[in-house]
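The values are calculated or read from the model by the stated rules, or taken from the named source; none is laboratory data. Owing to the predicted nature of the structure, the values given are computational and were not obtained by experimental measurement. Note that each Cβ is placed from the backbone with ideal geometry, even for glycine, and that neighbours are counted across all protein chains shown.
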Amino acid sequence: MGEIIRAVTNDDTVKISVITARDAVERARQIHGLHPVGTAALGRTLCGAAMLGEMMKEDDASLTIRIRGSGPLGGVTAVSDSNGNVRGMVINPGVDLPVRERDGKLDVSGAIGTEGLLTVSRDIGLREPYVGSTALVSGEVAEDLAAYLTESDQLGSACGLGVLVDTDESVKAAGGFIVQLMPFAPDEVISRLEENVFMMDQLTTILDEDGPEEVIEQVFRGMDHHVTERHPMAYECKCSRERVLQAVTSLSPEDLRELQADGREVEVKCQFCDKVYTFPPEEVASWRHED
């Protein structure tokens, strides 16, 4: 089980969300059969979506991050509810890239691509969701998400996301943090925060060896602070036979007639959990287009 922790400095000038999500990212890896670079790309995006989703106040709200880059993964999608529970997928899960020669790290930027868009959609139950996009900065996910937050929320932001893959390709550690400065934060607080983030230990090492609380301690070093909230999160798909049926019967009349003409059962696989829903021919024959 993962966890999201929120904390704030005692002067209310800086707030932070931290997530540890090893189990959730490992579940995603198993479902999609990902290689290490795909695990890292999807895992980072899942962690970012979970923290942003958990920040939403509406009980039935959801948040979606879509990254469409020029790399071979084709795209990454992560969806979170307002409790930080997530699900996600990549378009091409079979992508496998060698580690980078310069530092021996997983080439997430190479897999996602450095050209493209990061789009965040917030659905709070209104007729249309709020959608914002920004150009990719690096394809490393954390920098791209920080750029989006700074541009969309007009608040100075820092983001760290990491996935540590073990020698057997399972997930050893996964998580991250999002720091946001309030508009009234003084220059000395900004300088201290920048120095702390720059000097902190490697994120996945902290999560693996010390836990998420230590992330807060290192980011807020020398700054009085307190935890405001913490609760569990997990990889959680919300698919059901009823939802799949609703999606299929909303196809165009031409597509429905084509399915019915085949006279065969229809199988639909959920893109987030790979569960297969089967509809027998007699049920398919009864489908009518929903306007």
Exactly one condition in (1) more than 16 Å from Pro36 (Cα to Cα); (2) outside any loop (DSSP other than H, G, I, E, B); (3) modelled with pLDDT of 95 or more is false for Ala111; which is it?
(1)
Given the condition assigned to a helix (DSSP H, G or I) and farther than 18 Å from Ala142 by Cα, answer yes or no: does some residue in region 10-23 qualify?
yes
Identify all residues within region 130-161 that are part of a strand (DSSP E or B), surrounded by fewer than 23 Cβ atoms within 10 Å (Cβ to Cβ) and small (Gly, Ala, Ser); write none if there are none.
Gly132, Ser133, Ala135, Ser157, Ala158
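Which helices (runs of 4 or more DSSP H) does region 174-234 wholly contain that include 2 or more residues that are under 19 Å from Gly2 (Cα atoms), touching a helix residue (DSSP H, G or I) at 6+ places or on another chain (Cβ under 8 Å) and at pLDDT 95 or above?
Of the helices (runs of 4 or more DSSP H) lying wholly inside region 174-234, those with at least 2 residues that are under 19 Å from Gly2 (Cα atoms), touching a helix residue (DSSP H, G or I) at 6+ places or on another chain (Cβ under 8 Å) and at pLDDT 95 or above span 203-209, 212-219.
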Tell me which of these Arg87 doesn't satisfy, since it passes every other one: (1) within 23 Å of Val137 (Cβ to Cβ); (2) modelled with pLDDT of 95 or more.
(1)
In region 218-248, which residue that is touching an Asp or Glu at 6+ places or on another chain (Cβ under 8 Å) and loosely packed, with under 13 Cβ neighbours inside 10 Å is farthest from Leu193 (Cα to Cα)?
Gln246
Going by what's in this entry, would Thr205 be described as under 22 Å from the mean Cα position of the chain (by Cα) and farther than 15 Å from Ala158 by Cβ?
yes
Filtering region 34-85 down to residues that are assigned to a loop (DSSP other than H, G, I, E, B) and hydroxyl-bearing (Ser, Thr, Tyr), which residue is surrounded by the most Cβ atoms within 10 Å (Cβ to Cβ)?
Ser82
Residue count, region 24-33 (criterion: touching a helix residue (DSSP H, G or I) at 6+ places or on another chain (Cβ under 8 Å) and either part of a strand (DSSP E or B) or not β-branched (Val, Ile, Thr) (or both))
4
Just one listed residue, out of Gly160, Gly156, is out of contact with any Phe, Trp or Tyr (no Cβ under 9 Å at 6 or more places or on another chain) and touching a residue at least 24 places away in the same chain (Cβ under 8 Å), and it is Gly156
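To keep it simple, each residue is scored yes or no on (1) surrounded by fewer than 12 Cβ atoms within 10 Å (Cβ to Cβ); (2) not assigned by TED's automatic domain parsing to the domain that holds Phe177.
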site: Ile206; (1), (2): no, no
site: Gly211; (1), (2): no, no
site: Ser252; (1), (2): yes, yes
site: Glu258; (1), (2): yes, yes
site: Pro281; (1), (2): no, yes
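Restricting the search to region 13-33, which residues are among the small types (Gly, Ala, Ser) and crowded, with 21+ Cβ neighbours inside 10 Å?
Ser17, Ala21, Ala24, Ala28
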